[in-house]
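The values are calculated or read from the model by the stated rules, or taken from the named source; none is laboratory data. Predicted, not measured: the structure shown is a model, and the values here were computed from it. Counting neighbours? That spans all protein chains shown, and the Cβs are built from the backbone with ideal geometry, glycine included.
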Amino acid sequence: MTHFHSPSQSINPKFCHSLQEISAKYTGFIIDLWGVLHDGHQLFPWSQTCIKALKASGKKIVFLSNSPRRSEYIRKDLRDKGLSPAEIDHVHTSGEETYLQLAQNKNLRAQIGKKCLAIGYTDEDEGLMTPLGITRTDNADEADFICVFRSDPNVNLHDFKVMVRPYIEKGTPLLCPNPDVSAIHNGKKTMCPGAYGEIYSQCGGDVLMYGKPYQVIYQRVLKQFHTWGIPDREILCIGDLLETDILGARGSHLSSALVMSGVHGYNLDLQNKDFTPESQATILNLCHNVGTYPDYILPKLR
């Protein structure tokens, strides 16, 4: 994954106590899910309150997730977790983007083929494959491509590297509908498909990856905001990962806010804690090491 600085990027982000300090500047919000709105199991109560406040102020929200599942599944999941339909203006996922890229590009479909060796597949992932005529196979010799839907607890990265060597040697591509390397689920850090994609690429394999931070998914979301009459300068992206949420926002020249309720907060033991001079210095050092900075940093989405 390439790290870069946007030409307009500041290396002095503003630390904020809550979104209320800056929300008046923006009409539209691109909000991540895992680690920002919920923990994979339930909504954060402070985030749910924040969403209600944004909608009461007439703001437009796109929930943008690096989930391998399609958008309608995630929309239903958000309703099941407690958001009302009126609080869900639009949902887009890396799984939906992957589906659209394959559905709209015959050459790409021909490149990857029809038979898939699926890792971490569940029945909820069928919507990404069946409408495109893709079938699953457990036969290594039959597989045209590999697709990693989610991490497999029985396959660590070392085992994966050994397992895929024959596929890389014969030029089998790997499709990754979730670029995230890790996430926090129920308070525990879990590996995500992007970690498999990085290993496959490092070993010389061909990887097709859609989602944040890649610009094609932001271009599609920005079209939705433009239909609402919202210009790019009035959009704020909110996420918990510098490498995806913030980097993707920077690549699209959008304002961004990092919340410390997800992966980085977990790694630094700063989840949901108010800032101190010491913690601010730690976060800025992380931004420097990653190579990208947000415009704002918040303890959580509140």
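Structure notes:
- The residues listed here are Ala257, Ala195, Ala249; of these, the one that is of a type in the set (Gly, Ala, Ser), under 25 Å from Tyr121 (Cα atoms) and under 17 Å from the mean Cα position of the chain (by Cα) is Ala195.
- Selection within the range 120-145 - closer than 18 Å to Ala103 by Cα and in contact with a Phe, Trp or Tyr (Cβ under 6 Å, 6 or more places away or on another chain): Asp125, Leu128
- Members of the range 11-29 found to be part of a strand (DSSP E or B) and within 16 Å of Ser57 (Cα to Cα), listed by number: Gly28, Phe29
- Meets criteria (surrounded by 16 or more Cβ atoms within 10 Å (Cβ to Cβ), among the hydrophobic types (A, V, I, L, M, F, W, C), assigned by TED's automatic domain parsing to the domain that holds Lys60 and at pLDDT 90 or above) for Phe225: yes
- Count of the range 24-50 residues which are farther than 21 Å from Thr93 by Cβ, in contact with a strand residue (DSSP E or B) (Cβ under 8 Å, 6 or more places away or on another chain) and not charged (D, E, K, R): 2
- A count restricted to the range 134-156 and to residues that are among the aromatic types (Phe, Trp, Tyr) and either surrounded by fewer than 21 Cβ atoms within 10 Å (Cβ to Cβ) or in contact with a strand residue (DSSP E or B) (Cβ under 6 Å, 6 or more places away or on another chain) (or both) stands at 1.
- Checked against (1) without any contact (Cβ under 8 Å) to a residue 40 or more places away in the chain; (2) buried (at least 24 other Cβ atoms within 10 Å of the Cβ); (3) among the hydrophobic types (A, V, I, L, M, F, W, C), Cys237 meets all criteria but (1).
- Some residue of the range 62-72 being more than 20 Å from Ile217 (Cβ to Cβ) and either surrounded by fewer than 13 Cβ atoms within 10 Å (Cβ to Cβ) or in the same structural domain as Ile238 (by TED's automatic domain parsing) (or both): no
- Within the range 2-17, none of the residues are among the aliphatic types (A, V, I, L, M) and modelled with pLDDT of 95 or more.
- Matching option when the condition is among the small types (Gly, Ala, Ser) and over 23 Å from Asp39 (Cβ atoms), among Gly194, Gly205: Gly205
- Qualifying residue in the range 247-256 (condition: free of Cβ contacts under 8 Å to residues at least 40 places away in the same chain and in the same structural domain as Thr27 (by TED's automatic domain parsing)): yes
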